[in-house]
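**Q** Quick one: structure below, then a few questions.
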């Protein structure tokens, strides 16, 4: 039996209040950044590389030229590469509110096509992004007419300043694990973290890396407990989890944070790495790991690395706009806040 389509009147009527809240929040976001001197940029979805993170899967397509020459392109998983090229070109405060595409993802909080809000500040302190996040949450709640953020049984008060918590503190508090004993600036102790994971009842396999174990513990023990009562800004990510962030003076840690509400990851922020050689090495390592796990890799955008070398000191955040709408409106699934959800065979 086929499910009811999202466009049928009864189904659409149920979702319409969430969609109205979405429209108000989208307008509020644009006003928020305009008031702070940001320029909205509209980046191309078709890119040479969709991104080079181990666990983010892309949609591929083919560009056919007038001469019938063919080349592979990808739908972007984030506007990050393009936005950073604009920073290299001379822009200093930009934001993008755009559709992005990620394969292998579908669930209450995941959708293959969704809206990502990204913003960047050049020549400004990294911690300024924390202030942006707190102010944006308050503005979003006001736009939605929400007294609290909610997901399932968890709630958070938008009037309260976010709790600032380090990753190590979060592991100690919610998993009982001394994470600092399992890594330093030079290496990771996979065996120590494996023993700690096994002790709290998590399944450990022989091919689990330190980062795999970090992710297992984080998703099972830590993440569900963050952002209850008020938002959590999780700071001081271990250097092995730096991604595109620069390292701190204490090179055990990256200038990376994440924002959580009601046990939901909402945003990921970096003090951006501008060392193109180091970024290349990180991309290559991530793609080797992707080859091991998924049997495929994505190309590195050489033009991006060239721009990175010209980019000024900058910081940036990527925030899941649809998730923000969910939390502000009380929706239970991401499809509830999407005007036209992607339909698979037998799924609406």
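All of the numbers you see were taken from the coordinates with simple rules; none came from a lab. Given the structure is predicted, the values throughout are model-derived calculations rather than measurements. Because the Cβ atoms are built from the backbone with ideal geometry, glycine has one as well, and the counts that use them run over all protein chains shown.
**Q** If we restrict to alpha carbons, what Rg and Dmax does region 1-60 come to, in Å?
**A** Taking only Cα atoms of region 1-60, I get Rg and Dmax of 18.0, 52 Å.
**Q** Express the Stokes-Einstein translational diffusion coefficient of region 294-348 in µm² s⁻¹, to the nearest whole number, given a Kirkwood radius over alpha-carbon pairs, 37 °C and a viscosity of 0.692 mPa s.
**A** On the way: Rh = 15.5 Å.
Translational D for this selection: 212 µm²/s.
**Q** What's the percent breakdown of Cα-Cα distances in region 256-348 across 10 Å bins, shortest bin first?
**A** 13, 26, 31, 26, 4
**Q** Taking the Cα centre of each part, how many Å lie between region 281-310 and region 156-228?
**A** Going from one Cα centre to the other spans 26 Å.
**Q** Then there is this: Hey, what does the equivalent ellipsoid look like for region 65-189, semi-axes from the Cα gyration tensor as sqrt of 5 times each eigenvalue, largest first, whole Å?
**A** Values: eigenvalues 204, 114, 81 Å².
After diagonalising the Cα gyration tensor, the semi-axes are 32, 24, 20 Å.
**Q** Could you tell me, in Å, what Rg and Dmax come out for the Cα atoms of region 37-129?
**A** My reading of the Cα-based Rg and Dmax gives 15.2, 50 Å.
**Q** Show me 40-47, 200-207 ranked by packing, highest mean number of other Cβ atoms within 10 Å first.
**A** 40-47, 200-207
**Q** Still on this structure, I have one more. Using the scaling law 2.2 N^0.38 Å as the reference, what is the normalised Cα Rg of region 229-290? The partial results should precede the final answer.
**A** On the way: Rg = 13.0 Å, N = 62, 2.2 N^0.38 = 10.6 Å.
Computed over Cα atoms of region 229-290, the ratio equals 1.24.
**Q** When each pair of different Cα atoms in the chain is counted once in the 1/r mean, what is the Kirkwood radius in angstroms, to one decimal?
**A** For the chain, the Kirkwood estimate is 21.3 Å.
**Q** Determine the percent antiparallel among the DSSP beta bridges restricted to the chain, to the nearest 5.
**A** Numbers: 48 of 55 bridges.
Antiparallel bridges make up about 85 percent of those DSSP assigns within the chain.
**Q** Reported to two decimal places, what Rg/Rh ratio describes region 182-300 when computed on Cα atoms with Rh from the Kirkwood expression? Before the final figure, lay out the partial values.
**A** Values: Rg = 15.3 Å, Rh = 15.7 Å.
We get a ratio of 0.98 for region 182-300.
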